[in-house]
Amino acid sequence: MGTIAIGEKRMSHPLEITNLVKRFGGLTATDDISFHVEQGQSVGLIGPNGAGKTTIFSLIMGELRQNSGTIRLYGEDIGGLSTPARIKRGVSRTYQVPRPFGEMSVVENIRVGLMPDSIWKMITQGPDREREIELALSVGFSENDLNRRPDELSMGDLRKLEMARTMATDPSVMLLDEVFAGLTKGEIAQIGELIQQMRRDGMTFLIVSHDLKALEPLIDSAIAINYGSKIAEGDYADVISDPDVRSSYLGVA
Amino acid sequence: MGLRWYHFALWAGFIILMYAMPDLVSKGTLRTFIFANFLAIFAISWDVLSGRTGYISFGHPFLIGIGAYTTAILTKRFDVAIEISIPIAVVVTMIGSTLFILPALRIRGSYFALVTLAFMELIYQLVQVIRPDLTGGTRGMSGIETLTRGAVNGYYMSLSLMLAVAISMWLLMRTRVGTALSAIGMNEDSVQGSGLSTTRLKLFAFLTGAFVAGLGGAFYVHYLGSIAPRALFDINFVFTIIVAALIGGSSTIIGPMVGAFFLTYLLEYLRPFLPGAERYFIYGGIALIIYIYQPKGIYAVVMQAWERLRSGKSA
């Protein structure tokens, strides 16, 4: 700890991926991908279905293990760590399909995200109710929603809950997987505003979305991948007008 | 932990009633109560291990048996004092329970249940084959030192142990660790994704469940004064424990305790009318009706009635 660690943190990128490769049998889902995300930046990860976007998220979180390549978080190689150990170091993700705890209320779901990874502390310290409610309200839940259960929530609410539980782990880098899928226009605006707020507060983002219109205002730059390879990187406007990207999305050159 | 006045009132009322029981019922009934107390301890142990996590143990006699045999062998064959042999038995049971974590790393649900069932079969064979001079082989052991004499003392001993276990486990599961274990049962991947080591949490559940099972097993053998492997390592015994926990309401601690009494008394009161195995039809039928009406058991039925009463009052 101390000044050296802080110095290192400033010098190295929050997230840096180098020559990452993941094969499933004969299929190369992640093919020698390298990129980094700078402090406080928001990067969009785009590509057609099956391009390998979610695989990259799973590799970063340690839910899948890479065949080769490195994943660095603030300069530290996290490629061999367990998922909880990575989360402790400040990276957290949401899932394309929300995965709430089905028989727990909104606040209880958030409670699990807030728990320290120490059984002793879980037993001896009570839940931080203020923080639970603060997180729930910050993603757009109302007071009435706090004791609702997942089966009473809309898709938009489930995504909010997913966001809140992810935020509860106190990340400095957030990976958002298809946060707008299945949402109404109002909900998209609401979650978009939440992301903007967190960007202003200095959060670093990597965002996967098919809804390019909703994604565009939320990102500083974009990375396009197809068949597991990076095909373009840079300004959103440049990436989206790249001929390879256009052909991968639209099937036309 | 969110304790309210009615929690204290209900526990106090229950404790007073239970301690007054020897003045209220016959000695024969008291012996039934003793069995119910031990069954409650085993059902609570099952609830701690399986009720929340969803890692269903079919091998609970494996844990109970380790506790029972360890203290039986130590006291009978090596003349170790009970005060020392029981703690050792509990520790050995907890060590034995770490075997459960091996399948739990890879499989869950019914596959996990089958592996734990295999553990039970394994120890059944082991006590018969390996060193029968120590374990008593197929015939088991008798003449084991007992802690108490007479039904009344046995009742107080079993009741005190059961209450200590029930209250401590009830309090423990009301903390965040109970929430975390429930979360594992609902979506284990999301618990990992919340930054919690699920292996450590599961190990905690297994060790705590084994602590209770070992304690119950050790005291049970020093109550009975004998040990019979065929009755202990029996699939019917497994089902009695699980049905007691489920019928009462799993993951509530109180539920399995209530379930154990309900089950014991149901079987006991049917005995004069139906002395044979037909009793199990009635008991199965009643269990089925409760499940269909409320899959979460008696505990949930009572809670619903209580909620209705409260909202009725305030309305």
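The values are calculated or read from the model by the stated rules, or taken from the named source; none is laboratory data. What you see is a predicted model; the values in this text were computed from it and never measured. Here the Cβ is made from the backbone with ideal geometry for all residues, glycine too, and neighbour counts use every protein chain on show. Heavy atoms of the whole protein, side chains included, go into the accessibility calculation; ligands, DNA and RNA do not. Shrake-Rupley method; radii C 1.70, N 1.55, O 1.52, S 1.80 Å.
Need one number: nm distance between label points at A:N19 and A:S247, each 7 Å from Cα along Cα→Cβ, rounded to one decimal.
Modelled inter-label distance: 2.8 nm.
Return the carbon/sulfur percentage of the accessible area of the range B:5-235, one whole number, probe 1.4 Å, all protein chains in place.
On the way: 5980 of 9190 Å².
Roughly 65 percent of what the probe reaches on the range B:5-235 is carbon or sulfur.
Given a Förster distance of 51 Å, report the FRET efficiency between B:A277 and B:L105 from their Cβ-Cβ distance, rounded to the nearest 0.05.
The computed FRET efficiency comes out at 0.80.
Rule-of-thumb check for the range B:222-301: C-alpha Rg over 2.2 N^0.38 Å?
1.17
Which value does Rg/Rh take for the range A:158-253 over its C-alpha atoms, Rh per Kirkwood?
0.99
Give me the number: length gained by fully extending B:L266 to B:A231, i.e. 0.36 nm times residue separation minus the C-alpha to C-alpha distance, one decimal in nm.
Values: separation 35, 0.36 × 35 = 12.60 nm, distance 2.03 nm.
Residue separation times 0.36 nm, minus the Cα-Cα distance, leaves 10.6 nm.
Do you know the relative contact order of the range B:5-235, to the nearest whole percent, from alpha carbon pairs under 8 angstrom that are 6+ apart?
Answer for the range B:5-235 is 40 percent.
Answer with one residue from B:V301, B:I123, B:F58: the one whose Cα lies farthest towards the positive end of the charge dipole of chain B, charges on Cβ with Lys, Arg +1 and Asp, Glu -1.
B:V301
Tell me the per residue accessible area of chain A using a 1.4 Å probe; a whole number in Å² is fine. Spell out each step's value before the answer.
Working: 11540 Å² over 253 residues.
Heavy-atom SASA per residue in chain A reads 46 Å².
For the range B:116-176, which trypsin sites (Lys or Arg not before Pro) are both in a DSSP coil and crowded by at most 15 other Cβ atoms within 10 Å?
B:R149
Can you check what the net charge comes to around A:R129, using other residues whose Cβ is under 15 Å from the Cβ of A:R129 (Lys, Arg +1; Asp, Glu -1)?
Here the count lands on -2.
For A:N226, enumerate residues with amide H under 5 Å from its amide H, sequence gap 5+ or separate chain, H modeled in the peptide plane.
Sorted by chain and number, the residues that satisfy this are A:I231.
Over chain A, what is the relative contact order in percent, taking alpha-carbon pairs closer than 8 angstrom and at least six residues apart?
Across chain A, relative contact order equals 26 percent.
Viscosity 1.002 mPa s, temperature 20 °C: give me the Stokes-Einstein translational D for the range B:164-218 in µm²/s, with Rh taken as the Kirkwood radius over C-alpha pairs.
179
What order do A:S247, B:S57 take when sorted by accessible area (1.4 Å probe), most exposed first?
A:S247, B:S57
Convex hull volume of the Cα atoms in the range A:87-185, per residue, in Å³?
Once divided by residue count, the hull of the range A:87-185 is 102 Å³.
Looking only at other chains, what is the average number of their beta-carbon atoms within 10 angstrom of each beta-carbon in A:101-111?
For peptide A:101-111, the averaged partner shielding equals 4.
Can you work out D for the range B:170-315 in µm² s⁻¹ from Stokes-Einstein, where Rh is the Kirkwood radius over C-alpha pairs, the temperature is 37 °C and the viscosity is 0.692 mPa s?
The Stokes-Einstein estimate is 183 µm²/s.
Which value in Å is the Kirkwood Rh of the range B:41-81 over different Cα pairs? Present the calculation step by step, with values, prior to reporting the outcome.
Details: mean 1/r = 0.0871 Å⁻¹.
11.5 Å is the Kirkwood radius here.
Residues of the range B:232-265 with amide nitrogen under 15 Å from the 7 Å Cα-to-Cβ point of B:I289?
The answer is B:263, whose backbone nitrogens lie closer than 15 Å to the label point.
Given Cβ point charges of +1 (Lys, Arg) and -1 (Asp, Glu) and nothing else, what value in debye, to the nearest 20, does the dipole of the range B:5-235 about its Cα centre take?
100
Label points 7 Å out from Cα along the Cβ direction at B:N153 and A:R200: separation in nm?
Spacing of the two 7 Å Cα→Cβ label points: 7.6 nm.
Determine which lysines satisfy two conditions relative to A:K121: a Cα distance under 19 Å, and not lying fewer than 8 residues away in the same chain.
A:K88, B:K202
So which aspartates and glutamates pass the test for A:K185, namely a Cα distance under 16 Å, with those fewer than 8 places away in the same chain ruled out?
Within the straight-line limit of under 16 Å, A:K185 reaches these aspartates and glutamates: A:D157, A:E193, A:D211, A:E216.
Beyond 42 Å, what percent of the Cα pairs of the protein assembly as shown remain?
The answer is 35 percent, as a whole percent.
Tell me the mean residue ellipticity at 222 nm calculated for the protein assembly as shown from its helices only (DSSP H runs of n ≥ 4, each -39500 (n - 2.57), averaged over every residue, nearest 500).
Taken over the protein assembly as shown, the calculation gives -19000 deg cm²/dmol.
Could you tell me what % of all Cα pairs in chain A have separations over 33 Å? Don't jump to the answer; show the numbers that get you there.
On the way: 6223 of 31878 pairs.
Cα-Cα pairs of chain A separated by over 33 Å account for 20 percent.
Could you tell me the convex hull volume per residue, in Å³, taken over the Cα atoms of the range A:1-135?
Details: hull volume 22.5 nm³, N = 135.
Taking the convex hull of the Cα positions in the range A:1-135, it is 167 Å³ per residue.
May I ask for the percentage of alpha-carbon pairs in the range B:5-235 that lie more than 26 Å from each other? Please list the in-between numbers first.
Numbers: 10867 of 26565 pairs.
Percent of Cα pairs beyond 26 Å in the range B:5-235: 41.
Residue by residue through B:180-188, how many Cβ atoms from other chains fall within 10 Å of the Cβ on average?
5
Once ligands and nucleic acids are excluded and a 1.4 Å probe is used, how much of A:H210 is accessible, expressed in Å² to the nearest 10?
For A:H210, the solvent-accessible surface is approximately 80 Å².
Quick one: length gained pulling B:F8 to B:D189 fully straight, 0.36 nm per residue minus the C-alpha distance?
So the chain would gain 61.5 nm between B:F8 and B:D189.
Using 0.36 nm times the number of residues separating A:S12 and A:E130, minus their current alpha carbon distance, what extension gain do you get? Provide the component values of the computation, followed by the final result.
Numbers: separation 118, 0.36 × 118 = 42.48 nm, distance 3.42 nm.
Net length gain for the segment: 39.1 nm.
Would you work out the charge dipole size for the protein assembly as shown about its Cα centre, treating the Cβ of every Lys and Arg as +1 and the Cβ of every Asp and Glu as -1, and quote it to the nearest 20 debye?
1800
In the neighborhood of B:I253, defined by Cβ-to-Cβ distances under 14 Å, what is the net charge if each Lys or Arg adds +1 and each Asp or Glu adds -1?
+2
Pull up all non-local amide H partners of B:I56: gap of 5 or more, or a different chain, and H-to-H distance under 5 Å with H placed in the peptide plane.
Close amide H contacts, sequence-distant or interchain: B:G109, B:A113.
Straight-line reach from B:K296: which lysines fall under 18 Å, measuring Cα to Cα and dropping same-chain residues less than 8 apart?
none
Between A:T70 and B:L122, how high is the FRET efficiency from 1/(1 + (r/R0)^6) when r is the Cβ-Cβ distance and R₀ = 51 Å? Nearest 0.05. Mind showing how you got there, number by number?
Values: r = 44 Å, r/R0 = 0.87.
E(calc), rounded to 0.05, equals 0.70.
Roughly how many Å² of B:I73 are accessible to a 1.4 Å probe, to the nearest 10?
Result for B:I73: roughly 30 Å² accessible.
Taking a point 7 angstrom from the Cα of A:T28 along the C-beta vector, which residues in the range A:37-78 have backbone N less than 12 Å away?
What the label zone holds, given the 12 Å backbone N cut-off, is A:68.
To the nearest 0.05, how large is the calculated FRET efficiency for B:D79 and B:T29 if R₀ is 35 Å and r is the Cβ-Cβ distance?
E(calc), rounded to 0.05, equals 0.45.
Apply the membrane-span-like helix rule to chain B: whole DSSP H runs, Cα extent along the own long axis of at least 18 Å, mean Kyte-Doolittle hydropathy at least 0.5. List the helices found.
Details: long enough: B:5-24 (28 Å, 1.10); B:27-46 (29 Å, 1.11); B:60-78 (26 Å, 0.68); B:82-104 (33 Å, 1.97); B:109-129 (31 Å, 1.35); B:150-174 (36 Å, 1.21); B:198-224 (38 Å, 1.03); B:235-248 (20 Å, 2.49); B:254-270 (24 Å, 1.41); B:279-293 (21 Å, 1.36); B:297-314 (26 Å, -0.13).
Result, helices passing both filters: B:5-24, B:27-46, B:60-78, B:82-104, B:109-129, B:150-174, B:198-224, B:235-248, B:254-270, B:279-293.
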